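The values are calculated or read from the model by the stated rules, or taken from the named source; none is laboratory data. Model, not experiment: these values are computed from the prediction. Glycine also receives a Cβ, built like all others from the backbone with ideal geometry; neighbour counts cover every protein chain displayed.
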Amino acid sequence: MSLNNNSKKPYIVSNWKMNGTKALLHEAMPVWQPFASKAHWIFCPPATLIMETKECFSKVIIGGQDCSSNLSGAFTGSISAAQLAEAGASYVILGHSECRQYRGDTNAIVAEKAIAALSQGLTPIICIGESLETHAANETLTFLKQQLVESIANISGKFFVAYEPIWAIGTGKTATLHDIEHVHHFLREQQPGVPLLYGGSVNAQNAGAITELENVDGLLVGGVSLKIEEFKELLRSVHGISALN
Ligand code: PGA
């Protein structure tokens, strides 16, 4: 079953990563909001901008970019799910490949983080994706199946899955439409009813075609989500947003 048909709004998740300032926030929001309000837009700024976003743009749905698996305690530099929720977030990205690569997040840790997030009322957006080697060896589906099963172990509650091939993130190389649909069809069979996002070098040129794929419910956008005009164009190009213009 596809969640993405003409009557459904696409999900667009903006991941600012460790970028962005108050100035950019205030410059960009008035440009994006009229378009973004026609999608399920989930804005994920750095944690320092969550409160400012909530206070100044109260209708924007906000996500964090990571949270601790612990609810509180002596974990210098970490942020808890409860703190994200109190600041104004209702979603949190978990298991992003950058957190897996630079912070050592394993599948088991991602699952623990998801449990912590759900316990505080946050909806986890669980990222999965294969390396170039795995892709080249034609082992993508086997790898993803295991990564997903382990990353959602023992969680109960609503979550999203974002398929982001590592080799497509920030590289300008997008997976082909055929490959994206192939993977998403497989993921749909594994997790019926779970919203499925695609991420990895999504831009204003390819966003429309990707969101029209049967088993794609939305997008996770990194680099372009920091560019005021290009992100506006991306939003305009997405079917379901443009149709409502
Ligand atoms: P990108 O990043 O759009 O810059 O490739 C996507 C992501 O990392 O979520």
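Reported count of residues in the stretch 160-201, each being buried (at least 21 other Cβ atoms within 10 Å of the Cβ), small (G, A, S) and in contact (Cβ under 8 Å) with a residue 40 or more places away in the chain, is 3. In the set S90, S69, only one residue is of a type in the set (S, T, N, Q), within 30 Å of R188 (Cβ to Cβ) and in contact with a Lys or Arg (Cβ under 6 Å, 6 or more places away or on another chain); that residue is S69. The residues listed here are N19, N4; of these, the one that is within 20 Å of the chain's Cα centre (by Cα), polar (S, T, N, Q) and modelled with pLDDT under 95 is N4.
State yes or no: is T123 away from the ligand (no atom under 16 Å from the Cβ), among the hydroxyl-bearing types (S, T, Y) and under 26 Å from F43 (Cβ atoms)? Criteria met by T123. Being more than 15 Å from L94 (Cβ to Cβ), within 14 Å of the ligand (Cβ to nearest atom), out of contact with any Lys or Arg (no Cβ under 9 Å at 6 or more places or on another chain) and among the basic types (K, R) is the requirement here; does K232 meet it? Against the criterion (more than 15 Å from L94 (Cβ to Cβ), within 14 Å of the ligand (Cβ to nearest atom), out of contact with any Lys or Arg (no Cβ under 9 Å at 6 or more places or on another chain) and among the basic types (K, R)), K232 does not qualify. Is there a residue in the stretch 26-35 that is in contact (Cβ under 8 Å) with a residue 12 or more places away in the chain and under 17 Å from the mean Cα position of the chain (by Cα)? No, every residue in the stretch 26-35 fails to be in contact (Cβ under 8 Å) with a residue 12 or more places away in the chain and under 17 Å from the mean Cα position of the chain (by Cα).
Number of residues in the stretch 185-200 that are touching a helix residue (DSSP H, G or I) at 6+ places or on another chain (Cβ under 6 Å) and within 16 Å of the ligand (Cβ to nearest atom): the value is 3. In the stretch 85-98, the residues that are in contact (Cβ under 8 Å) with a residue 40 or more places away in the chain and among the hydroxyl-bearing types (S, T, Y) form Cβ pairs under 6 Å with partners that are within 11 Å of the ligand (Cβ to nearest atom) and assigned to a helix (DSSP H, G or I), at six or more places apart or across chains, as follows: S97/I166.
Results for (1) under 16 Å from the mean Cα position of the chain (by Cα); (2) of a type in the set (F, W, Y), shown as yes or no for each residue.
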| site | (1), (2) |
| --- | --- |
| A87 | no, no |
| I93 | yes, no |
| E98 | yes, no |
| Y102 | no, yes |
| I109 | no, no |
| I128 | yes, no |
| L132 | no, no |
| N138 | no, no |
| L141 | no, no |
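No other residue among T140, T174, T106 is β-branched (V, I, T), closer than 20 Å to Y198 by Cα and at pLDDT 95 or above apart from T140.
Pairing each residue of the stretch 202-218 that is closer than 11 Å to H184 by Cβ with any residue that is within 12 Å of the ligand (Cβ to nearest atom) and in a loop (DSSP other than H, G, I, E, B), provided the two are 6+ apart or on different chains, yields C-beta distances under 8 Å for I210/T174; I210/V202. Looking across the stretch 89-108, the residues that are surrounded by 18 or more Cβ atoms within 10 Å (Cβ to Cβ) and farther than 19 Å from Q147 by Cβ come down to A89, Y91.
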